[in-house]
Amino acid sequence: GRRRAGRRAEQQLVTITRPAKPSKSHHQFALTYRSPMFEEATTTTLSVLNLTNAQVEKALNSLPNAMVSAVQAWVHFNTTVTGYHQTEIRLEFDEHANPGDQYMLECRIDYCGDGCNPRLTDPVGQGEGSSCEVTEHESSVARNVECSGRGHCNHDTGTCECFEGYADDACSTQTALV
């Protein structure tokens, strides 16, 4: 979509590196998001094997309490690193739903068996020389403001009480010209 002048959403780059052989092993990972309110949630198990933009977007956009909404993902596979497969995931946070500077996502790449959520039984981290790094690809120029600056946060319920003419969970949708 189009952006207004002067607005830029934060982008993060997740780079997962794992041994090329055996190619079907050590493929599971998950991402943990921390909100500006210090809420933390982890995605379902993801696999770098045939990973798609839609799978990453669904995993992040499905986090509880709409912590992330409308994130966009671009997955790129790179095999130019000798002896390793590299998967790059560029994520762009929606400038209205998740404005401002975001905490870096955290990679979960270590074994997490029975009783763990999410389960990682063949994780990326078991491969020798494997890694997962998250870096800021592009910083945001927007400020992170409760209720998009268009309402008051009811801290008892954790919901926004929107000003007249604004609606949705974060008061980010204009419903009328006031």
Give region 49-97 a look and list any residue that's touching a helix residue (DSSP H, G or I) at 6+ places or on another chain (Cβ under 7 Å) and β-branched (Val, Ile, Thr), or say none.
VAL68, VAL71, VAL75, ILE89
Please work out which residue is nearest to GLU39 (Cα to Cα), limiting yourself to region 65-93 and to residues that are outside any strand (DSSP E or B) and open to solvent by 70 Å² or more (accessible area, probe 1.4 Å).
ASN65
Only one of (1) crowded, with 16+ Cβ neighbours inside 10 Å; (2) modelled with pLDDT of 95 or more; (3) out of contact with any Cys (no Cβ under 9 Å at 6 or more places or on another chain) is not met by VAL14, so which one is it?
(3)
Identity of the residue in region 31-53, assigned to a strand (DSSP E or B) and in contact with a Pro (Cβ under 7 Å, 6 or more places away or on another chain), that ends up least open to solvent (accessible area, probe 1.4 Å)
ALA41
GLY100 being of a type outside the set (A, V, I, L, M, F, W, C), more than 16 Å from PHE29 (Cα to Cα) and open to solvent by less than 30 Å² (accessible area, probe 1.4 Å):
yes
Name every residue in region 116-175 that is closer than 28 Å to THR45 by Cα, touching a Ser or Thr at 6+ places or on another chain (Cβ under 9 Å) and either aromatic (Phe, Trp, Tyr) or part of a loop (DSSP other than H, G, I, E, B) (or both), in order of residue number.
ASN117, PRO118, ARG119, THR121, ASP122, GLY127, GLY129, SER130, ASP169, ALA170
For region 66-99 the number of residues that are closer than 17 Å to SER148 by Cβ and over 14 Å from the mean Cα position of the chain (by Cα) is 1
Inspect region 148-168 for any residue being at pLDDT below 90, of a type in the set (A, V, I, L, M) and crowded, with 18+ Cβ neighbours inside 10 Å and give the result as yes or no.
no
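The values are calculated or read from the model by the stated rules, or taken from the named source; none is laboratory data. For clarity, every value in this text was computed on a predicted model and none was experimentally measured. Every residue, glycine among them, receives a Cβ derived from its backbone with ideal geometry; neighbour counts consider all protein chains shown. Calculation scope for accessible area: heavy atoms of the full protein, side chains included, ligands and nucleic acids excluded. Shrake-Rupley method; radii C 1.70, N 1.55, O 1.52, S 1.80 Å.
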